[in-house]
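To keep things clear, I will list the structure first and then write my remarks on it.
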Amino acid sequence: MRATAAPAEGNRMRLTVEVDESEIDKALDAAVRRLGQQVRVPGFRPGKVPRQVLEARLGGPEALRRQAISDALPDLYAQAVVDTDLDPIAAPEIDLTSGEEAGPVTFDAVVEVRPTVSVAGYAGLVVTVPHPEVTDTDVDAQIDRLREQSGELEPVSRPATDADYVTIDLHGKRPGADDLDVDDFLYEVGSATAMPGLDEELRGKKAGDIVEFATSLPGPEESGSGEAQVRVLVKDVKRKVLPEATDEWAQEASEFDTLDALRDDVRTRLTRVRMVQAQLALRERTLAALVELVEEEPPQSLVEAEVRERLHDLGHRLETRHITVEQFLAASGRDEQELLAEIRAEATQAVRADLALRALADAESVEVTDEELDQAIAEMAEQVGTGAKELRRRLEHAGRLSAVRSDRRKAKALAWLLEHVELVDEDGNPVSRDDLRADGSGDEAAADGGGDAAAGERGSSEVETEATSGTEGEQ
């Protein structure tokens, strides 16, 4: 078999394949064996039907030949793709041009291939990352947070201000719904955790004051929210008194004997969190900057394939949690079209990232050795709980081995870029990579290019809350 590839219209290639008559004879023999097992002919056992009888049943030798060629075309096309090193992204359009009745067979296959995009300018990328430095002010804020948990409420005679706590009786009338009655409700002024307008009404009020105002409250499910008349009695006002940050308090609030030891522990935890944040930001913002260099629109066939895969993954996750799509949409406050639009946007960015990393790997001649491929398969096998040889066999059978190599190649390309982009903080000051490495030897979170490059970054306040979680749990 001989195959050649030439550009066709658009982002497509034309494969011209010539198959020797000897290979067609092998395909005919295979078709006879297969049909001999499938076709039931009176007087003959399965597998023992003569070729002439099969030809007669199918409509003649030409019909059997056409069937054999049709059966062989998928494998012939797949071999031609391998021989010409093409990267198709859609099903081919195959046209048999000669040999349908006799002699060598020639066919053309026009197929859309993965495009090569430009990432010109990648060598000069500048990425902004949060500086992992922890200041005394940061430590003070976390210590104050711990002190808040040990604070005690003390009555005051002055009017209420934000951060004060008030005990109130609250009564509201809602049209079409039961009245709202809450007694001895302890509420933090300014927290905005109750009904609209409550904070504004409580500011400046003292014990014994009564306020009345109109606000919006949830009504019956079928009618939604509605206006309600609310009456609030302020019964007392208290301020939270925090304990002094002393060694004695540190001993009560943590496992440490001194305040300095507690502060050192908080600083260590915060530094670890800041490093993780900076590493995640480095990886995500570097990839985003690379994707911004891509001006070409990704092929819709790739986007649609990514959309289908993401919808399949979502459906599987919901199924394992026994949640229907309707329940998921209701909980997320979206309709089906909004969800599809969101998934399509994410899929488009994922395809652009894929093309950008492939282009970078080409530009920097990044390759994956057989040893690196073996390591990747071993890691995958460990994750799914099987042997590396068995997984390789399954990957080869499914034609996925090249995809594994491609994924590892993209991971290496991203790791290369992470080590070569210029890093600055929010003020434009240079950031050393050593500041992002806990032990000065490597950056695991940033260098691991095998994960989801579009993973969302957690908020700083959410992650920093964990900096003192170990201390709080030991109070």
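The numbers here are math on the coordinates, done by the rules we state, and not lab data. Since the structure is predicted, the reported quantities are computational estimates derived from the model, not experimental observations. Cβ placement follows ideal geometry from the backbone for every residue including glycine, while neighbour counts extend to all protein chains displayed.
Need the list of lysines near Lys412 for cross-linking: C-alpha distance under 24 angstrom, and skip anything on the same chain fewer than eight residues off.
Partners within reach: Lys389.
By the gyration tensor of its Cα atoms, with a ≥ b ≥ c the square roots of the eigenvalues, what is the shape of the stretch 269-355: rounded for a/c under 1.5, prolate for a/b over b/c, or oblate? Walk me through the numbers on the way to the answer.
Details: a/c = 2.52, a/b = 1.21, b/c = 2.08.
Because a/c hits 1.5 or more and a/b fails to exceed b/c, the stretch 269-355 counts as oblate.
Using Cα positions and a limit of under 28 Å, work out the lysines in reach of Lys206, with same-chain residues fewer than 8 apart set aside.
Within reach: Lys173, Lys235, Lys238, Lys240.
Note down the nm distance, to one decimal, between modelled labels 7 Å out along Cα→Cβ at Ser332 and at Arg12.
3.5 nm
May I ask you to derive the FRET efficiency for Glu152 and Phe213 from their Cβ-Cβ distance with R0 = 25 Å, giving the value to the nearest 0.05?
Taking R0 as 25 Å, the efficiency between Glu152 and Phe213 is 0.20.
Just how large is the dipole of the stretch 346-436 about the Cα centre, in debye to the nearest 20, putting +1 at every Lys and Arg Cβ and -1 at every Asp and Glu Cβ?
Its charge dipole is roughly 800 debye.
For a Förster distance of 56 Å, can you work out the FRET efficiency between the beta-carbons of Arg433 and Ala63, rounded to the nearest 0.05?
Rounded to the nearest 0.05, the efficiency is 0.25.
Just grab the label-to-label distance for Asp257 and Glu390, each label 7 Å out from Cα along the Cβ direction, in nm (one decimal).
A separation of 5.5 nm, rounded to one decimal place.
How do 156-165, 420-429, 279-288, 256-265 rank on mean C-beta neighbours within 10 Å, highest first?
279-288, 256-265, 156-165, 420-429
Taking 0.36 nm per intervening residue step and subtracting the Cα-Cα distance, what contour gain separates Arg400 from Asp370 on full extension? Present the calculation step by step, with values, prior to reporting the outcome.
On the way: separation 30, 0.36 × 30 = 10.80 nm, distance 1.51 nm.
Difference between extended and current length: 9.3 nm.
At 0.36 nm per residue, and after removing the present C-alpha to C-alpha distance, how many nm does the segment from Leu318 to Glu342 gain when stretched out fully? Before the final figure, lay out the partial values.
Values: separation 24, 0.36 × 24 = 8.64 nm, distance 1.72 nm.
Using 0.36 nm per residue and subtracting the Cα-Cα distance, I get 6.9 nm.
Can you work out the FRET efficiency for the pair Ser98 and Arg34, with r the C-beta to C-beta distance and R0 = 22 Å, to the nearest 0.05?
Step by step, r from the Cβ atoms, then E = 0.35.
With the cut-off at 1.5 for a/c, could you classify the stretch 152-241 from its C-alpha gyration tensor as rounded, prolate or oblate?
In terms of gyration-tensor shape, prolate.
If you take the square roots of the eigenvalues of the alpha-carbon gyration tensor of the stretch 69-155 and sort them as a ≥ b ≥ c, do you get rounded (a/c under 1.5), prolate (a/b over b/c) or oblate?
Prolate shape, in that a/c is at least 1.5 and a/b is the bigger ratio.
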